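One structure is given below, encoded as structure tokens.
Derivation of every value follows stated rules applied to the coordinates shown; laboratory data play no part. This structure is a prediction, so every number in the text was calculated from the model and none was measured. Glycine also receives a Cβ, built like all others from the backbone with ideal geometry; neighbour counts cover every protein chain displayed.
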Amino acid sequence: MDLNLSQYKIFYEVAKAGNISKAAKELFISQPAISKSIRKLEDNLNVALFTRNSRGVQMTEEGKLLFQHTREAFEAINRGEQELKRVKEFNIGYLRIGVSNTLCKYVLLPYLKGFIEKYPHIKVTIESQSTSHTVHMLEQQNLDLGLIAAPSNRRPLSFTPIMEIQDTFVATKSYLDNLHLREGRNIDIFQAGNILLLDQNNMTRKYIDEYLTQNQIVPKQLLEVTTMDLLIEFAKIGMGIGCVIKEFVQVELDRGTLIEIPMQSTIKKRTIGFAFNPGGVSTAMQSFFSAMKDAGMGHP
């Protein structure tokens with residue numbers, strides 16, 4: 001389409017008003033400029049759009065056909081402008097977040113409560129899934145944000161850190177007492193104990209496997225579970241020695257419900273935060289980052 005949109009706007013206003021002088025007042029341009037624009041549009045389309053008479057102008061059949069389509073187009077544009085105004089006025093938006101079950105429960109949900117209270121008109125959807133799937137969906141631009149551990153290769157994604165987490169091994173006092181009673185005090189707990197780990201598809205498990213390999217630790221008896229919640233609960237009832245995220249069992253450690261197992265080599269802390277595509281930061285995401293900064297959780 002080689003024609004200027006303003007020519008269609010002028011045609012639309014003249015057709016609505018049925019009079020060039022009225023359209024000129026509506027558009028704040030001169031009558032000769034309107035007449036010139038209409039003639040140019042008619043020349044380009046090679047049809048007559050109006051017939052002129054003493055009372056004004058009247059659309060031809062071709063003009064009526066064009067008016068039907070331009071009316072739909074300009075009404076759609078007007079609805080879009082009104083929607084944008086409403087979005088800006090009420091902070092309306094849409095936010096899609098990908099997160100693992102563990103990080104959703106212990107990190108995202110407590111924060112989301114305050115965010116939703118501050119921005120009640122922003123719709124939030126949560127994709128609860130593995131970290132690898134979240135990263136894939138971010139790369140395909142099917143998510144706005146992903147709460148993940150900092151990847152070694154961030155690819156095209158930006159990453160905003162919010163906190164560090166510490167992986168550690170824990171068990172109940174009774175489990176350790178019984179283990180020592182049965183096997184003796186000077187035992188290798190990884191050979192004598194029941195070691196509770198996440199399943200091998202989990203990113204945390206891959207991280208812990210690397211740590212075990214680097215430190216030449218080979219657990220003899222393994223019990224694998226699918227979620228951190230289950231792993232923590234199994235450790236709390238004395239099923240074995242669980243590898244958990246320390247920050248998520250801090251209450252149990254403080255109360256003595258669980259005891260942290262000292263390791264010869266400390267497991268290196270990991271950083272978690274929000275990953276996103278730097279070129280696709282929406283108004284809803286800007287509000288999210290602003291609220292995140294206000295909550296002391298870092299900023300992009």
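Radius of gyration (Cα atoms) of segment 102-231, expressed as a multiple of 2.2 N^0.38 Å: 1.35. From the residues Ala284, Val47, Gln31, which one has its Cα farthest along the dipole of the chain in the positive direction, the dipole being from +1 and -1 charges on Cβ of Lys/Arg and Asp/Glu about the Cα centre? The residue sitting most towards the positive pole is Gln31.
All Cα-Cα distances of segment 147-189, cut into 5 Å bins from zero to the largest, leave 5, 15, 17, 12, 8, 6, 9, 12, 10, 6, 2 percent in each bin in turn. Less than 16 Å apart at the alpha-carbon level, and either on another chain or at least 8 residues along: which lysines does that give for Lys206? Partners within reach: Lys268, Lys269.
Semi-axes of the equivalent ellipsoid for the chain, computed as √(5λ) from the eigenvalues of its C-alpha gyration tensor and ordered from largest down, come to 69, 17, 14 Å. Using θ = phi - 60° in the Karplus curve 6.51 cos²θ - 1.76 cosθ + 1.60, the 3J(HN,Hα) couplings for segment 277-292 round to 7, x, x, x, 7, 7, 4, 4, 5, 4, 5, 4, 5, 4, 5, 5 Hz; x is entered for Gly and Pro. For Leu196, the residues whose amide H sits under 5 Å from its own are Leu223, Ile241, Gly242, Cys243, ignoring neighbours fewer than 5 places away on the same chain, with H placed 1.01 Å from N. Amide H to amide H, with H built 1.01 Å from N, Ile259 comes under 5 Å of Ala171, Thr172, Lys173, counting only residues 5 or more places away or on other chains.
Ranked by the mean number of other Cβ atoms within 10 Å of their residues, highest first, the peptides 109-122, 130-143, 255-268 come out as 130-143, 109-122, 255-268.
Over segment 167-268, the reciprocal of the mean inverse Cα-Cα separation, the Kirkwood hydrodynamic radius, stands at 13.6 Å. Bridgeable aspartates and glutamates around Lys236 (alpha carbons under 13 Å apart, same-chain partners fewer than 8 residues away excluded): Glu252, Glu260.
Note on Glu183 and Gln286: the extension gain reaches 31.4 nm, defined as 0.36 nm multiplied by sequence separation minus the Cα-Cα distance. Set the Cα radius of gyration of segment 1-68 against 2.2 N^0.38 Å, with N its number of residues, and you get 0.99. Look at where the Cα atoms of segment 237-259 and of segment 121-197 average out, and the two centres are 14 Å apart. Ranking of Met203, Met228 by neighbouring Cβ atoms within 10 Å, starting from the fewest: Met203, Met228.
Taking Leu197, Leu95, Leu65 as the candidate residues, the one with maximal mean-square fluctuation in a Gaussian network model of the chain, Cα springs under 10 Å, is Leu65. The trypsin sites (Lys or Arg not before Pro) found in segment 1-42 include none that occupy coil by DSSP while having at most 11 further C-beta atoms within 10 Å.
Using a simple charge model, +1 on the beta-carbon of Lys and Arg, -1 on the beta-carbon of Asp and Glu, nothing else, what dipole does the chain show about its Cα centre, in debye to the nearest 20? Show your work: numbers first, answer last.
Details: 35 positive and 32 negative charges, 221 e Å.
About 1060 debye.
Taking segment 5-86 as the region of interest, the number of lysine pairs whose Cα atoms are within less than 15 Å, with members eight or more places apart or on different chains, is 7.
Expressed as a fraction of 2.2 N^0.38 Å, the rule-of-thumb size for a compact globular protein of N residues, what is the C-alpha radius of gyration of segment 1-152? Spell out each step's value before the answer.
On the way: Rg = 25.9 Å, N = 152, 2.2 N^0.38 = 14.8 Å.
Its radius of gyration relative to the 2.2 N^0.38 Å reference: 1.74.
Near Thr227, no amide H atom lies under 5 Å from its own; only residues 5 or more places off or on other chains count, and H is placed 1.01 Å from N.
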